[in-house]
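Chemist: Take this structure, written in structure tokens, and hold onto it; I'll ask about it next.
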Amino acid sequence: MTDAVRRLFADKHDESVVRANMEARSGFDPAFWSALAELGVTGLLVDAAHGGLGGGPLEVEAIMEEAGAALLGAPLLSSFMASALIEGSGDSDARTRLLPAIAQGRIVALALTGDVGTWTEDGVALIADREDALLSGHASFVLHGANAELLLAIARTVDGFGVFEVAPDTAGLNSMPLPTFDRTLRLARLTFDKVPAHRLDAAGWSTVARTLQLGLVALAGEQAGGARRVLEMTTQYAKVRYQFGRAIGSFQAIKHMAANLLLETESAISAARAAAAALASTANDADELVALAAFTCADAYDRAAADAIQMHGGIAFTWAHPAHLYLRRARADLQLFGTPAAHRERYLKALGA
Amino acid sequence: MTDAVRRLFADKHDESVVRANMEARSGFDPAFWSALAELGVTGLLVDAAHGGLGGGPLEVEAIMEEAGAALLGAPLLSSFMASALIEGSGDSDARTRLLPAIAQGRIVALALTGDVGTWTEDGVALIADREDALLSGHASFVLHGANAELLLAIARTVDGFGVFEVAPDTAGLNSMPLPTFDRTLRLARLTFDKVPAHRLDAAGWSTVARTLQLGLVALAGEQAGGARRVLEMTTQYAKVRYQFGRAIGSFQAIKHMAANLLLETESAISAARAAAAALASTANDADELVALAAFTCADAYDRAAADAIQMHGGIAFTWAHPAHLYLRRARADLQLFGTPAAHRERYLKALGA
Amino acid sequence: MTATDTSMSDEDLREEVRTWLQQNWKDHLPAPTPWTTTPALRAWLGKVVDARWAVNRWPVEWHGRGLSDTQAMIVEQEFRAVRAPGAGQDKTHFYAITALTFGTDAMKRQLLRGMLAGEITMCLLYSEPGAGSDLAGVRTRAEREGDDFVVNGQKVWTSGAATADYGMLIARTDWNSPKHRGISFFFLPMKQKGVEVRPLRQVTDESHFNEVFFTDARVQAENLLGDLNNGWRVLQTALAYERSVMGEAARGARRTSDRAAKDLLALAREAGRLSDPVMRQDLARVLSYRRVNALNNARAKADLETGTSSPIMSLGKLAMSRILHEEARLRTALLGAGSLLDGAAFPRADDANFLTLNAYFTSI
Amino acid sequence: MTATDTSMSDEDLREEVRTWLQQNWKDHLPAPTPWTTTPALRAWLGKVVDARWAVNRWPVEWHGRGLSDTQAMIVEQEFRAVRAPGAGQDKTHFYAITALTFGTDAMKRQLLRGMLAGEITMCLLYSEPGAGSDLAGVRTRAEREGDDFVVNGQKVWTSGAATADYGMLIARTDWNSPKHRGISFFFLPMKQKGVEVRPLRQVTDESHFNEVFFTDARVQAENLLGDLNNGWRVLQTALAYERSVMGEAARGARRTSDRAAKDLLALAREAGRLSDPVMRQDLARVLSYRRVNALNNARAKADLETGTSSPIMSLGKLAMSRILHEEARLRTALLGAGSLLDGAAFPRADDANFLTLNAYFTSI
């Protein structure tokens, strides 16, 4: 399927689409989104019984490499994480109710962390009343939270964390779109005031943690794909561009920079794919490899996008040039689901240190 | 006087002398040491009344730039710190007894820190008995501790820290020379078992702290001078050496590296001199500037020496080439009197953070 | 008449400038920038020039007093003391300095006073698209035609081109000799139909820079600086002036560095990261870059005054680029997820994000 | 006779090699290194070669079995299983691979078996003083004289030159054509009076490398690899073989990385720095470099086997250099003042210091 998706991105998601998405309120092109849905991408993690492809982390990572390279704005990441969260729960009729909708391409959002934006247990700023019927508090940095058709929220309950289904249009629920540095990104802050919600059966923090693992693998794929693409742009450019009478690619400084970038980018790809494989096989070093991929890919993408601007020189300082679009995405991905520093800590802990 | 000292180093302290010192037990050339004494360098900080020049941090820093450039092995640093420590005490007959000897060039050592090697209060591993008569415990990383003619030791007493004068040949005092990575360095570990000692009047940790400030300024000078010299070596080499048919200095990669090194080296010089000036004028930002110089100069020297080897290529990987001598000294200076990380902490604290 | 001010004692000089300021300096004006002025400011600057306070080190025939550096600094101190702009332009107005050094007497008569009085504004026409920092590769052409040169080509990354009266232009006047030969240096009048200025939209989504297109633009032969085809030497000198002016500007670095330090520490405190040992190491590092830069500038200034040349000045750009990139990185790290946001509603993030992109412009 | 082993089933092959090993493999031997062997090891390797297990992918006429990569790996697995050296040299012995590719049949007959059996040891005669990595600038000359070439010049950074029987030499045979033309590639006999080997004292105070001086050294024309003056192509291929061998070696990287990780963490624990948040960040970073390098190698290997070319292999040196320098820096930081010390009495410091200097050799 990856090839079909790659073709789709090549044909229907070039830079002009990205720039259009930047201006669009929703942040993406509905036509392209349905095309993805038709290919089954939105239902990649949904089991066949519920209209999905029953894929796993490996397929998610592969698709996200393409999405990252193309700066996809659509809520694919949320679809993947929501599917994982619901599949991970023990709530069979939530499954039958929600999974087909997600597979069909309904926009789903995950309210997971508060204003601290740590995506950790203590970052959760939503609380359910004793009956698990009403949610209050807030959630921030919610991807596509302002135009979601389905909403899942993590909240503190009397017995630990719970996963709740909330109707986006319910009274007491307000969503404020947040202006973002990465203009291909759509984030919202949601405030809850006694919002009626349905708690999913048998889904606690461990379910959320597994979902975040998948999210990190998907993000690592996006970062690896983005890094590779921006490096391709740069080396291509270095080959053709002349300065001081020579192709700038022939300057040692550039070669040196390029070699380091190639190392970091290839390392990111290896790390992202290894993390996906470990998660797929639920290998015992999955925690280790996911954390490793999380900071390796985040730093590699950031570095590749930043150096791309350096290596392009003046031309990359203009709005018209795509380099800064990748820099903005790279910097956004540096923060989503935890910072590289936090992932390094988790990596050491996974190593037993 | 700096000019005279510079000439002396140029005439009498070339690489061959350095390599001879590396093999010598004492680690230095007595003839050169007396020459320094004759110029008054050993008594630079000693007041005129006790046969010194009554100089201050500015002169110390200037001299140490020359010493650092020449990889001096002699115990000049200890002479400076010991003079500062004694001048800082309120013990007038210790002054009359010890300062002239130091000015004349007697070898003095400072037992200040224990095996932890932090050069902080809690690093002191010597303790005096209630009568302040006998010292027990140990001190390590003592510069020229194995062949010192005078010994000053910092020890815990019933009323805080005390500064003690100890005769190096006293029974119960054992000194073990330590093998060092920087073979121009002479360190020893001293063990004390009820060693008779004389406590100096009116000298506590604050006196020691001021002494360490001076030591750090002197070290910063050594680092700045060493960095400048090793960078000169490298750029000189890059000018003359040809590769791929061009002077390697003409390669962008080298130019880029050299520009960064020049920035770091010049910054080190500025920082070291500013710290000396602040300490001389006891300006209120002395703590801040000394800490700044400490880590700025340490990192600059380390970087300059390491990159020098890279930029020289193969030839610098041989024992015969001086580059590694500077790398060894730079790495040693990275540790003496506290690590760069520790100094960065102190810098922030000095800024009130 | 003050043609022989060098004979004057420092005290008398200080007295004279003080009195003059008392009599003439009233209002407070915004400090002049290379490419924006106000009528009030221009009026004041005109006064300063005519009273010969603008360029005290320059010869008397060109608005100066031929003062020594020390005496000139007395004048500049007094101006600074009352926050009056306009003095010391012989150290800061590198366009005028270039004109003085290379211009014909005709050109100097025509332009110098206006430049110093802020009536004639200037811009740089050096960089060309694709050529990057390789000015020797300039492809804009200037061809002799009667008393004029006719200019065709394109420049980029010019600041203030939209408002400038003249641009310092390098153009190729000889295509047969090696690259850096055959270049000439002109003062080109910008307000003519052959010159089109288009704003460039930067990554920061602002427009401080322009592209400039020349279609048969004309410049009089007398606006040629230095000899024909010898513009490379003029350019090198002009760039040196520009750098030393940057150095002058950097004298303010200490104050800037203190402000930046306070602000970074405040941000760290707000973000609750001031106790994070990892952040503290980075904080110390970034703050040290600024502080050390200030120390470098102070040292360079001292060297300059004792006549000893110093390599530091030439490193200003590199140092500033490092400072800005590292500070942007740190601010982002301190904000964490907060750096995802942007715009006036999130000023801290807005600063960090702007700095992240703007840092690249230091390398232009 | 096993001339058509490709027809053989994997099971039969596995059975055959297993039986052979049971019958022949007794003692445990040190793994062979490029330039040291022992009589016992040589005896064993001889057996392996004659039983055609050494280079299974090679044609039958050159000690091989013409096996597919998959089948060859079965043999190598079985050898690894009992820790027996000598198999898979068609992937690891890049001297022999070079000889097979470019050597004359005469030379192959003369040298191949001995090389595979460890009786003939080799060294590289590429780098020259001052020329750095610019092999095209080689100045060592080889001049035809009857059936021989006469070699004069100097090489440097050669490993094992003191013990080697032959050296792979690049020398200039034509001074008139452009640099990288006019170079020829020889197998030069080292044990002759025209060849003087002097050990180089490294910064680490050891001597793994040598300078080699040629004074009218002689090499037979039949020891020329590839055509005369066409040695550049031979060299490029030989270097590629060398790199891919490094890649093979790197297959062990995962195990190495795990060991290194354990050891670094142990050091951090001993030094009481494992709870220091700043050190923890550096620890994670350095450990990740090794781990990722292992992942890169695994991926490169997979790519290799699926025939898709991968850029990673060429990055091995760069990656290793980063790993070693960063690890040295971290070990030093963990030890703090302890890193001032050195020698057997302070093994932790000794390791860190050795690594600090030795890291530079990865860039040779």
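Chemist: Do we find a residue being assigned to a strand (DSSP E or B) and surrounded by fewer than 21 Cβ atoms within 10 Å (Cβ to Cβ) anywhere in region A:143-157?
Modeler: Yes, there is a match, as at least one residue in region A:143-157 is assigned to a strand (DSSP E or B) and surrounded by fewer than 21 Cβ atoms within 10 Å (Cβ to Cβ).
Chemist: On to the next question. Across region B:262-298, what is the number of residues that are in a loop (DSSP other than H, G, I, E, B) and either under 15 Å from B:L219 (Cβ atoms) or aliphatic (A, V, I, L, M) (or both)?
Modeler: Count: 1.
Chemist: Is it the case, given these coordinates, that D:L340 is buried (at least 20 other Cβ atoms within 10 Å of the Cβ), facing another protein chain (nearest Cβ under 7 Å) and modelled with pLDDT of 95 or more?
Modeler: In short, yes.
Chemist: Can you go through A:G88, A:G68, A:G54, A:G73 and tell me which one is of a type outside the set (F, W, Y) and either at pLDDT 95 or above or touching a His at 6+ places or on another chain (Cβ under 6 Å) (or both)?
Modeler: Step by step, each of A:G88, A:G68, A:G54, A:G73 is checked, and only A:G68 is of a type outside the set (F, W, Y) and either at pLDDT 95 or above or touching a His at 6+ places or on another chain (Cβ under 6 Å) (or both).
Chemist: Turning to a different aspect of this structure: When you go through B:L150, B:L219, B:L200, B:L214 one by one, which is the residue that is closer than 30 Å to D:D351 by Cβ and of a type in the set (A, V, I, L, M)?
Modeler: Residue meeting the stated conditions: B:L219.
Chemist: Could you list all residues from region B:100-127 that are under 19 Å from B:R189 (Cβ atoms) and more than 18 Å from the chain's Cα centre (by Cα)?
Modeler: B:D115, B:V116, B:D122, B:G123, B:V124, B:A125, B:L126, B:I127 - these are the residues of region B:100-127 that are under 19 Å from B:R189 (Cβ atoms) and more than 18 Å from the chain's Cα centre (by Cα).
Chemist: How many residues are more than 8 Å from every other protein chain (Cβ to nearest Cβ) and either touching a Leu at 6+ places or on another chain (Cβ under 6 Å) or not polar (S, T, N, Q) (or both) when one looks only at region C:270-291?
Modeler: So the answer is 9.
Chemist: Could you please give the count of residues in region C:71-118 that are farther than 25 Å from C:V151 by Cα and part of a loop (DSSP other than H, G, I, E, B)?
Modeler: Matching residues across region C:71-118 total 10.
Chemist: Here's another thing I want to ask about it. Using the structure shown, decide if B:F192 is assigned to a strand (DSSP E or B), crowded, with 24+ Cβ neighbours inside 10 Å and within 14 Å of chain D (Cβ to nearest Cβ).
Modeler: no
Condition check ((1) small (G, A, S); (2) within 17 Å of A:A4 (Cα to Cα); (3) surrounded by fewer than 21 Cβ atoms within 10 Å (Cβ to Cβ); (4) in contact with an Asp or Glu (Cβ under 8 Å, 6 or more places away or on another chain)) across all residues:
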| position | (1), (2), (3), (4) |
| --- | --- |
| A:L36 | no, yes, no, no |
| A:A48 | yes, no, yes, no |
| A:L53 | no, yes, yes, yes |
| A:E66 | no, yes, no, no |
| A:I86 | no, no, no, no |
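Chemist: For region C:185-196, which positions are over 20 Å from the mean Cα position of the chain (by Cα) and either within 19 Å of C:R139 (Cβ to Cβ) or within 14 Å of chain A (Cβ to nearest Cβ) (or both)?
Modeler: Within region C:185-196, C:G194, C:V195, C:E196 qualify.
Chemist: Only one of A:A111, A:A139 is more than 14 Å from chain C (Cβ to nearest Cβ), buried (at least 24 other Cβ atoms within 10 Å of the Cβ) and among the hydrophobic types (A, V, I, L, M, F, W, C). Can you tell me which? So that I can check it myself, show each step before the final result.
Modeler: Working: A:A139 fails: more than 14 Å from chain C (Cβ to nearest Cβ).
Exactly one of A:A111, A:A139 is more than 14 Å from chain C (Cβ to nearest Cβ), buried (at least 24 other Cβ atoms within 10 Å of the Cβ) and among the hydrophobic types (A, V, I, L, M, F, W, C), namely A:A111.
Chemist: Now, a different point. Go through (1) within 13 Å of chain C (Cβ to nearest Cβ); (2) surrounded by 24 or more Cβ atoms within 10 Å (Cβ to Cβ); (3) within 24 Å of B:L58 (Cβ to Cβ) for B:L279 and report which single condition fails.
Modeler: If we test B:L279 against (1) within 13 Å of chain C (Cβ to nearest Cβ); (2) surrounded by 24 or more Cβ atoms within 10 Å (Cβ to Cβ); (3) within 24 Å of B:L58 (Cβ to Cβ), just (1) comes out false.
Chemist: Which of (1) under 20 Å from the mean Cα position of the chain (by Cα); (2) modelled with pLDDT under 85 is the odd one out, the single condition B:S270 does not satisfy?
Modeler: Exception for B:S270: condition (2).
Chemist: Filter region B:197-212 down to residues that are basic (K, R) and crowded, with 22+ Cβ neighbours inside 10 Å, then give me how many there are. Steps first, answer last, please.
Modeler: So the first thing to find is which residues in region B:197-212 are basic (K, R), and the list is B:199, B:210.
Within this subset, residues satisfying the condition of being crowded, with 22+ Cβ neighbours inside 10 Å are none.
Selection size over region B:197-212: 0.
Chemist: Listed residues B:S34, B:S26, B:S78, B:S83; which is under 13 Å from the mean Cα position of the chain (by Cα) and not aliphatic (A, V, I, L, M)?
Modeler: B:S78
Chemist: Looking at region B:307-324, which of the residues that are in contact (Cβ under 8 Å) with a residue 12 or more places away in the chain and crowded, with 22+ Cβ neighbours inside 10 Å is nearest to the other protein chains (Cβ to nearest Cβ)?
Modeler: B:H324
Chemist: Take B:A342 and decide whether it is more than 8 Å from every other protein chain (Cβ to nearest Cβ), buried (at least 24 other Cβ atoms within 10 Å of the Cβ) and assigned to a helix (DSSP H, G or I).
Modeler: Values: more than 8 Å from every other protein chain (Cβ to nearest Cβ): yes; buried (at least 24 other Cβ atoms within 10 Å of the Cβ): no; assigned to a helix (DSSP H, G or I): yes.
Here the answer is no, as B:A342 does not meet what is asked.
Chemist: Further question: For region A:85-109, give me each residue that is without any contact (Cβ under 8 Å) to a residue 60 or more places away in the chain and in a strand (DSSP E or B).
Modeler: If the condition is that a residue be without any contact (Cβ under 8 Å) to a residue 60 or more places away in the chain and in a strand (DSSP E or B), then A:V108 is the only one that fits.
Residues checked against (1) within 30 Å of B:Y326 (Cβ to Cβ); (2) in contact (Cβ under 8 Å) with a residue 40 or more places away in the chain; (3) among the aromatic types (F, W, Y):
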| residue | (1), (2), (3) |
| --- | --- |
| D:G153 | no, yes, no |
| D:T173 | no, yes, no |
| D:G182 | no, yes, no |
| D:K191 | no, no, no |
| D:D205 | yes, no, no |
| D:H208 | yes, yes, no |
| D:Q220 | no, yes, no |
| D:Q236 | no, no, no |
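Chemist: Here's a check for you: in region A:9-34, which residue that is among the hydrophobic types (A, V, I, L, M, F, W, C) and farther than 17 Å from A:L77 by Cβ is surrounded by the most Cβ atoms within 10 Å (Cβ to Cβ)?
Modeler: Initial filter on region A:9-34 (among the hydrophobic types (A, V, I, L, M, F, W, C)): A:9-10, A:17-18, A:20, A:22, A:24, A:28, A:31-33.
Checking the rest, the ones that are also farther than 17 Å from A:L77 by Cβ come to A:10, A:17, A:20, A:22, A:24, A:31.
On the way: A:A10: 12, A:V17: 20, A:A20: 12, A:M22: 16, A:A24: 15, A:A31: 9.
Out of the qualifying residues, it is A:V17.
Chemist: When the residues of region D:110-160 are filtered to those that are under 24 Å from the mean Cα position of the chain (by Cα) and among the aromatic types (F, W, Y), which remaining residue is modelled with the highest pLDDT?
Modeler: Only one residue fits best here, namely D:Y126.
The values are calculated or read from the model by the stated rules, or taken from the named source; none is laboratory data. From a predicted model like this one, the values you see are computed outputs, not experimental measurements. Glycine also receives a Cβ, built like all others from the backbone with ideal geometry; neighbour counts cover every protein chain displayed.
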